[in-house]
1. Across the stretch 1-30, what is the total count of residues that are over 20 Å from the mean Cα position of the chain (by Cα), at pLDDT below 90 and not in a helix (DSSP H, G or I)?
2. Restricting to the stretch 44-58, what's the tally of residues that are under 16 Å from residue 13 (Cα atoms) and surrounded by fewer than 18 Cβ atoms within 10 Å (Cβ to Cβ)?
């Protein structure tokens, strides 16, 4: 059984399927087998297993070979944080000084205090 710290892809458990599709192109068949074993023992996500099996078949048949680069050098697939903060301008926000009408007996027109 392979340990999470020994996986050939960093942050494997947090990557979406599309990110995994990109990163497994850099792996050897042995590294891919290790990931496949880990996936089957842990999350057992069928779409992930299918992608791994197809890539492994391509590697073993000679149709594909690992691409250059390292899965450790790939930037995170998370979107960058927004820059500049909120688009709202605090100087242009409306100020509502009206009291809440909830619980005020005059809030309901055409009725007296007894609710008739």
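1. Residues in the stretch 1-30 being over 20 Å from the mean Cα position of the chain (by Cα), at pLDDT below 90 and not in a helix (DSSP H, G or I): 3 in total.
2. Here the count works out to 5.
The values are calculated or read from the model by the stated rules, or taken from the named source; none is laboratory data. Source: prediction; values computed, not measured. FYI the Cβ positions are ideal-geometry reconstructions off the backbone, even for glycines, and counts take in every protein chain you see.
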